[in-house]
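Reading through the structure tokens given below for one structure.
The values are calculated or read from the model by the stated rules, or taken from the named source; none is laboratory data. Computed from a predicted structure; not experimentally measured. All Cβ positions, glycine included, derive from the backbone under ideal geometry; neighbour counts span all protein chains shown.
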Amino acid sequence: MKEEIAKIGENSKNEINSCKDLKQLSDLKVKYLGKKGELTVVLRGMGSLSPEERPVIGSLVNQVRDELNELFDKKEKELKQEELKKRLETENIDVTEPSKKIELGSLHPITQVIGEVEEIFLGMGYEIADGPEVEKAIYNFDKLNTPPDHPARDVQDTFYITDDIVLRSQTSPVQARVMENQKPPIKIICPGKVYRSDSIDATHSPVFHQIEGLVVDKNISMTDLKGTLEMFAKKCLGEKTKIRFRPHHFPFTEPSAEADVSCFVCGGKGCKVCKGEGWIELLGCGMVHPNVLRNCGIDPEEYSGFAFGFGVERIAMAKFGIEDMRLLFENDVRFLKQF
Amino acid sequence: MKASIEWLKEYSDINVTPVELGDILTMTGSKVETVDQKGNDIKNVVVGKILEIEKHPNADKLVVTKVDVGTEEIQIVTGAKNINVGNIVPIAKDGAELPNGVKIKKGELRGIDSCGMMCSVGELNLDIADYPGQIEDGIMILNRSFEEYLGEDIVDILNLKEDIIDFEITSNRPDCFSIEGLGREVAVSLNKKFKNPRGNLNKLKVEDKKSIEGLSVDIEAPDLCYRYIARVVKNVKIKESPDWMKRRLKACGVRSINNIVDITNYVMLELGQPMHAFDINSIEGKHITVRRAKNGEKITTLDEQERELDENNLVIADDKKPVAIAGVMGGLNSEIENDTETVVFESAVFYGGSVRKTAKKVGLRTESSSRFEKGLSAENALRAVNRAVELVELIGAGEAIDGKIDVYPTKQEVHKIKLDVDKINNLLGTKLSKKEMVDILEKLEIKVENDVAIAPYFRMDLTCLADIAEEVARFYGYDKLDSTLIKADTTLGVRNKGQKIIKKIREVLVNSGLSEIYTYGFISEKDLEKSNIAEDVKKYAITLQNPLGEEFKLMRPSTIPSMMQILATNANKKNQNVKLFDISRNYKNTNHQVEDGEVPIQEDILTIGMYGDNIDFYVLKGIIENILEAINVNRYDIEKEKNNRSYHPGRCANIKIGIDTIGTIGEAHPEVLQNYDIEKRAYIAEINITKLEKYSRENKKYVEIPKFPAVERDLAIIVDEEVEVGEIEKIVTKKAKKAKKPLESMKLFDIYRDEKIGENKKSVAYALMFRDKNKTLSDDEINVAMDEIIQELQKTLNAELRK
């Protein structure tokens, strides 16, 4: 019996060693260690042995079984390793083949600029306000200190629906509406579509976008306006941006200013974008005219405020290097996809 | 407004270059458009004398000349025909520069050396009208007397140097529409003394008369004419103006006509008050009335155009007819003629708004009207008329008659503003002393008496403290203002619900591969028709009074035509795969809002338009479902819509929440596609974001992940083709609910058609998943529920269970 066991041990070891795959290995395991496996059969035959022989043979069988188990495990590991290796080899791919993806779309440059400006002002505690595009003339003009005979009301510049209803020529009517409905402190920006009776060409469009800002509170000063716009310009156009105020005139602000920023393309040295001047006219601004505050139900003796406004297209064009405004509204997908 | 430095120097010393002056004035509020340094662009062009002219040996059309240019004799080859030996001509020497950018260099012409060029009037950028006798296509022949200047710079000899600054004048500063006003700004900006050369006019006393030489004046419309002054000049000799006057007019861009007309223009430029001069004999009845025109009344203006007027227009009239459109232009009938002997100078002030409207109506925006429309000072009008008479005598154009006719019904108010130093400092964010402020104000001739600032007559724009603050700030220096941050309570900057929704929608769409477009709100009648927009939407369109053109006449009641237009643009450019979205508004006059002076309905609309590979109804539907999920709208129905003619009747659905239709999606109607020349099928959607907002829940709530296992069942049935799978789903959901067996999900995994199933039939297969969150469901109880479901499907849909 000892020889038989030794033979099983010998045979199985040889077979395990020459085993080529996991299936074969598991068959072998059944053949030797399974319920009807050779070693098991031997173990079962132990009943016929003498009590003296039993423990000897028993421990021999156990020893061989342990050895075999270890060998099976070892071989299994080996074969698994090999199999994995083989699989990894066959699963080699060409990573330079094209990807499978849902192509991303794009946000329009105007949305991107508005979004960027919104983030900056949201961060400074401003809310975003909007109002009607088809607007009452009283909000577009009268409340903003633009009396009936003011040149800005000319049919030449403003689209009229009736004498009392216009397409807003600026986003300022939103400011008037907010002031009427909200007590100071007011801190808002109003982005939106505006309409002016300009023919379409490379730098003009009858529809364009503005962002205006308004702050009304106690003790708001012109230096606050300058500080706010300086911060905005740095965040929006780069930390090195400088801002310059020049006196100007608007009916709804007094004192009024135009603000230039150091050219964000050349840094102020002078280039095509800034026409060699080093400065780019960015926006109009000023302290809210006391008449405007009064017209909107805010006491100018108690409160003061500042307002500013600029065109989105001009900034988008300068920022993205777009030379013809018509591209923004033509919406050729080859243009849109670039942003 | 153009101003020459030479003229400005009469008002202030100027010790900076024209460009520097431009920069300084820009920073004090007189914005400079351009600085034109005339004559600077001509270099090394001198006076020369032609000594010899010989034929060119190698060219018939050229000649070889010898020219004396003072220091030497040079040889020039030219093709000019109008030259003779002895002519004095401008010579561009080797290295010369001309205004057109040409640089002259020594060279050879057909084998003969040529060391320069003779110049024409045009090549020196001179106006042929200023040099009578010269010809366009020949060399400029100078007066013989210039022989003594041989070799000298032509710029000096012809006095071509002129520095001109062009200012943008804002509407609040009509006083700066004059050399005097700009001169004052220059003086204060440079911190020089304002020389006030016309200060004498303020003190001049001229006697008032009812009539002069039989002339009398009445103002019938005192609301539109605040003052009318007339002075009369006799023994007038119409001739050319002196050179100095012509030169100044030219620098300001005004053409010289004759001495009397030039005086009116000169005074307008100098003092900012438009003047008018007319022949006293052309005034019938010698009686001037300032009145509203009669409807349909006609006048032929100085530019020989007949203009029709109405009662909103103000005219200067004699007893029979209008002789001028007030503030805009004189009439041809009262023009100064060469034989005019007695001239009336009119200096009047009209209501700016009326002049502006009249100028617009008759289509004439003149130097005069553009000043009047800003609102002029009635006090200045008197100075102007006296200045005109002074100039008549100065240049010997005639003799002044003493006295003036001065009708002045509404005296100009003096604006007095309490000077509150603290308030100004608060508004500006400065810490200026009262003295600093007063110093600035007094330089600007704003007197301060007992803490009251008194605006001078020419500064009618100063009406409140903010105006005074601006004056202080301008000359304190806008660039000296600090940058500070608002010292106030913190405010919260957050997007509101609607803004958040729009942001989310944009994100989903971009991630789904769509590109955003921007469209105009304008549209035409034709666009609405091309898109088959329904009558009951069309009728809400809003018509513009003054559209840019027929194609921009309406404000769109639907965004579909705008999207179709952009799809067509892309299709026309052969762009293959186009997926677009637009978030913008529609404009609907649903209830006569516009006629009632109210704003119409304006909703935010998401419009989608797509065509190309792998795009169909279900792709579009998926995008919409993702959007609704992203903004947390959970309950909605997608219902077939057969009657929206913009869409394919078999491939269109409404998105409904309860009874509220919040959008429509589908394939564009083939007719619509054809109208836009789009060959591929296109898919469009319109979603009303404004309506959607109220259905979007802002807060999401966590639902516990299930602990108990689900029971799965497949359900495959055969139904008639016209049965919508939605109906099946509704029945299954309803029955499961009735059987109190929680149906967790129901996924359609197959729709199958073939002959075995039968014609007009389809097999629909679902994977159902039941799960109770509180216990494990048994197979038996689900079997019972499934039986009920199947029975109901058989009953209502005539469904057949597929084996």
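For B:ILE583, are the conditions met, namely being part of a helix (DSSP H, G or I) and in the same structural domain as B:ALA668 (by TED's automatic domain parsing)?
Details: part of a helix (DSSP H, G or I): no; in the same structural domain as B:ALA668 (by TED's automatic domain parsing): yes.
When the stated conditions are applied, B:ILE583 does not pass them.
State the number of residues belonging to the range B:503-547 that are of a type in the set (Ser, Thr, Tyr), over 23 Å from A:GLN112 (Cα atoms) and within 13 Å of chain A (Cβ to nearest Cβ). Explain how you work it out, then say what you get.
Step one: list which residues in the range B:503-547 are of a type in the set (Ser, Thr, Tyr), which gives B:512, B:515, B:518-520, B:524, B:531, B:540, B:543.
Restricting the remaining residues to those that are over 23 Å from A:GLN112 (Cα atoms) gives B:524, B:531, B:540, B:543.
Checking which are within 13 Å of chain A (Cβ to nearest Cβ) leaves us with B:540, B:543.
So the answer is 2.
Would a scan of the range B:524-534 turn up a residue that is outside any helix (DSSP H, G or I), surrounded by fewer than 18 Cβ atoms within 10 Å (Cβ to Cβ) and touching a Ser or Thr at 6+ places or on another chain (Cβ under 9 Å)?
At the first step, the residues of the range B:524-534 found to be outside any helix (DSSP H, G or I) are B:524, B:531-534.
This time we only want the ones that are surrounded by fewer than 18 Cβ atoms within 10 Å (Cβ to Cβ), so: B:534.
If we keep only those that are touching a Ser or Thr at 6+ places or on another chain (Cβ under 9 Å) as well, we get B:534.
Within the range B:524-534, one or more residues are outside any helix (DSSP H, G or I), surrounded by fewer than 18 Cβ atoms within 10 Å (Cβ to Cβ) and touching a Ser or Thr at 6+ places or on another chain (Cβ under 9 Å).
Scan the range A:35-44 and give yes if some residue there is in contact (Cβ under 8 Å) with a residue 60 or more places away in the chain and farther than 22 Å from A:ALA6 by Cβ, otherwise no. Can you show your working first?
Within the range A:35-44, the first condition is being in contact (Cβ under 8 Å) with a residue 60 or more places away in the chain, and the residues that meet it are none.
No, there is no match, as no residue in the range A:35-44 is in contact (Cβ under 8 Å) with a residue 60 or more places away in the chain and farther than 22 Å from A:ALA6 by Cβ.
Going by what's in this entry, would B:SER216 be described as part of a loop (DSSP other than H, G, I, E, B) and in the same structural domain as B:GLY396 (by TED's automatic domain parsing)?
Values: part of a loop (DSSP other than H, G, I, E, B): no; in the same structural domain as B:GLY396 (by TED's automatic domain parsing): yes.
Taking the combined requirement at face value, the residue does not satisfy it.
Out of (1) over 16 Å from B:LYS480 (Cα atoms); (2) crowded, with 24+ Cβ neighbours inside 10 Å, the odd one out for A:HIS209 is which?
(2)
Sort out which residues of the range A:209-241 are acidic (Asp, Glu), within 7 Å of chain B (Cβ to nearest Cβ) and not in a helix (DSSP H, G or I), and write them in order of number.
The answer is A:ASP217, and nothing else.
Go through (1) aliphatic (A, V, I, L, M); (2) more than 25 Å from A:LEU336 (Cβ to Cβ); (3) out of contact with any helix residue (DSSP H, G or I) (no Cβ under 8 Å at 6 or more places or on another chain); (4) within 9 Å of another protein chain (Cβ to nearest Cβ) for B:MET555 and report which single condition fails.
B:MET555 satisfies every listed condition except (2).
Taking the condition in contact with an Asp or Glu (Cβ under 9 Å, 6 or more places away or on another chain) and crowded, with 19+ Cβ neighbours inside 10 Å, does B:GLY429 pass?
Details: in contact with an Asp or Glu (Cβ under 9 Å, 6 or more places away or on another chain): yes; crowded, with 19+ Cβ neighbours inside 10 Å: yes.
Spelling it out, B:GLY429 is indeed in contact with an Asp or Glu (Cβ under 9 Å, 6 or more places away or on another chain) and crowded, with 19+ Cβ neighbours inside 10 Å.
Return the pair list, or none, for Cβ contacts closer than 7 Å from residues in the range B:369-382 that are in a helix (DSSP H, G or I) to residues that are surrounded by fewer than 24 Cβ atoms within 10 Å (Cβ to Cβ) and among the polar types (S, T, N, Q), at least 6 apart or on different chains.
Correct list of pairs: B:ALA378/B:GLN412; B:GLU379/B:GLN412.
Give the range A:185-206 a look and list any residue that's surrounded by fewer than 19 Cβ atoms within 10 Å (Cβ to Cβ) and closer than 19 Å to A:ALA318 by Cα, or say none.
Listed by number, the residues that qualify are A:ILE200, A:ASP201, A:ALA202, A:THR203, A:HIS204.
So, A:GLU301, is that one under 24 Å from A:TYR195 (Cβ atoms) and out of contact with any Asp or Glu (no Cβ under 9 Å at 6 or more places or on another chain) or not?
Working: under 24 Å from A:TYR195 (Cβ atoms): no; out of contact with any Asp or Glu (no Cβ under 9 Å at 6 or more places or on another chain): yes.
Judged against the criteria, A:GLU301 is not a match.
Evaluate the range A:327-335: report whether one residue or more is surrounded by fewer than 23 Cβ atoms within 10 Å (Cβ to Cβ), out of contact with any His (no Cβ under 7 Å at 6 or more places or on another chain) and more than 10 Å from chain B (Cβ to nearest Cβ).
yes
Of these, B:VAL448, B:VAL438, which one is among the hydrophobic types (A, V, I, L, M, F, W, C), part of a helix (DSSP H, G or I), away from chain A (no Cβ under 11 Å) and out of contact with any Phe, Trp or Tyr (no Cβ under 9 Å at 6 or more places or on another chain)?
On the way: B:VAL448 fails: part of a helix (DSSP H, G or I).
Going through B:VAL448, B:VAL438 in turn, just one is among the hydrophobic types (A, V, I, L, M, F, W, C), part of a helix (DSSP H, G or I), away from chain A (no Cβ under 11 Å) and out of contact with any Phe, Trp or Tyr (no Cβ under 9 Å at 6 or more places or on another chain): B:VAL438.
Being touching a Ser or Thr at 6+ places or on another chain (Cβ under 8 Å) and not hydroxyl-bearing (Ser, Thr, Tyr) is true for just one of B:VAL89, B:VAL77. Which residue is that? Full working, then the answer.
Working: B:VAL89 fails: touching a Ser or Thr at 6+ places or on another chain (Cβ under 8 Å).
One residue alone meets the criteria, B:VAL77.
Can you name the condition, by its number, that B:LYS621 falls short on among (1) of a type in the set (Lys, Arg); (2) without any contact (Cβ under 8 Å) to a residue 40 or more places away in the chain; (3) more than 11 Å from every other protein chain (Cβ to nearest Cβ)?
The single condition B:LYS621 does not satisfy is (2).
From the set of residues in the range B:118-149 that are in a helix (DSSP H, G or I) and under 44 Å from the mean Cα position of the chain (by Cα), which is surrounded by the fewest Cβ atoms within 10 Å (Cβ to Cβ)?
First pass over the range B:118-149, keeping only residues in a helix (DSSP H, G or I): B:122-124, B:128-130, B:144-149.
Within this subset, residues satisfying the condition of being under 44 Å from the mean Cα position of the chain (by Cα) are B:122-124, B:128-130.
Numbers: B:GLY122: 17, B:GLU123: 19, B:LEU124: 22, B:ILE128: 14, B:ALA129: 11, B:ASP130: 13.
So, considering only residues that are in a helix (DSSP H, G or I) and under 44 Å from the mean Cα position of the chain (by Cα), the one surrounded by the fewest Cβ atoms within 10 Å (Cβ to Cβ) is B:ALA129.
Any idea which residue in the range B:337-364 is farthest from B:ALA293 (Cα to Cα), counting only those that are surrounded by fewer than 22 Cβ atoms within 10 Å (Cβ to Cβ) and among the aliphatic types (A, V, I, L, M)?
B:LEU364
Being among the basic types (Lys, Arg) and part of a strand (DSSP E or B) is true for just one of B:ARG713, B:ARG697. Which residue is that?
On the way: B:ARG697 fails: part of a strand (DSSP E or B).
On inspection, the qualifying residue turns out to be B:ARG713.
Against the definition (buried (at least 23 other Cβ atoms within 10 Å of the Cβ), in contact with a helix residue (DSSP H, G or I) (Cβ under 8 Å, 6 or more places away or on another chain) and more than 12 Å from every other protein chain (Cβ to nearest Cβ)), how does A:VAL261 come out, yes or no?
Here the answer is yes, as A:VAL261 does meet what is asked.
Looking only at the range B:278-289, which residues are in contact (Cβ under 8 Å) with a residue 60 or more places away in the chain and surrounded by fewer than 24 Cβ atoms within 10 Å (Cβ to Cβ)?
Here is the first cut: in the range B:278-289, the residues in contact (Cβ under 8 Å) with a residue 60 or more places away in the chain are B:278-281, B:283, B:286-289.
Scanning the range B:278-289 gives B:ASP279, B:ILE280, B:ASN281, B:ILE283, B:LYS286, B:HIS287, B:THR289.
Can you pull out the residues in the range B:365-384 that are more than 14 Å from every other protein chain (Cβ to nearest Cβ), under 14 Å from B:ILE325 (Cα atoms) and in contact with a strand residue (DSSP E or B) (Cβ under 6 Å, 6 or more places away or on another chain)? Walk me through it before giving the result.
Within the range B:365-384, the subset more than 14 Å from every other protein chain (Cβ to nearest Cβ) is B:366-368, B:376-384.
Within this subset, residues satisfying the condition of being under 14 Å from B:ILE325 (Cα atoms) are B:366-368.
If the condition is that a residue be more than 14 Å from every other protein chain (Cβ to nearest Cβ), under 14 Å from B:ILE325 (Cα atoms) and in contact with a strand residue (DSSP E or B) (Cβ under 6 Å, 6 or more places away or on another chain), then B:THR366 is the only one that fits.
Only one of (1) assigned to a strand (DSSP E or B); (2) assigned by TED's automatic domain parsing to the domain that holds B:GLY95 is not met by B:ALA80, so which one is it?
Every condition holds for B:ALA80 apart from (1).
How many residues does the range B:755-776 hold that are at pLDDT below 90 and either surrounded by 17 or more Cβ atoms within 10 Å (Cβ to Cβ) or within 22 Å of B:VAL725 (Cα to Cα) (or both)?
5
Quick one: which strands (runs of 3 or more DSSP E) lie wholly within the range A:242-304 and hold at least 1 residues that are small (Gly, Ala, Ser) and modelled with pLDDT of 95 or more? So that I can check it myself, show each step before the final result.
Details: elements: A:243-250, A:253-262, A:279-288.
Per the criteria, A:253-262, A:279-288.
In this structure, does A:GLU82 turn out to be within 14 Å of chain B (Cβ to nearest Cβ) and either in a helix (DSSP H, G or I) or among the hydroxyl-bearing types (Ser, Thr, Tyr) (or both)? Walk me through how you get there before you give the answer.
Working: within 14 Å of chain B (Cβ to nearest Cβ): no; either in a helix (DSSP H, G or I) or among the hydroxyl-bearing types (Ser, Thr, Tyr) (or both): yes.
No: the conditions fail for A:GLU82.
The rows are residues; the columns are (1) acidic (Asp, Glu); (2) in a loop (DSSP other than H, G, I, E, B); (3) farther than 20 Å from B:GLU729 by Cβ.
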position: B:ILE638; (1), (2), (3): no, no, no
position: B:ASN643; (1), (2), (3): no, yes, yes
position: B:ARG651; (1), (2), (3): no, no, no
position: B:ASN654; (1), (2), (3): no, no, no
position: B:THR661; (1), (2), (3): no, no, yes
position: B:THR664; (1), (2), (3): no, no, yes
position: B:GLU667; (1), (2), (3): yes, no, yes
position: B:GLN674; (1), (2), (3): no, no, yes
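For the range B:452-493, how many residues meet the condition of being more than 8 Å from chain A (Cβ to nearest Cβ), within 21 Å of A:ILE243 (Cα to Cα) and assigned to a loop (DSSP other than H, G, I, E, B)?
Residues flagged as more than 8 Å from chain A (Cβ to nearest Cβ), within 21 Å of A:ILE243 (Cα to Cα) and assigned to a loop (DSSP other than H, G, I, E, B) within the range B:452-493 amount to 1.
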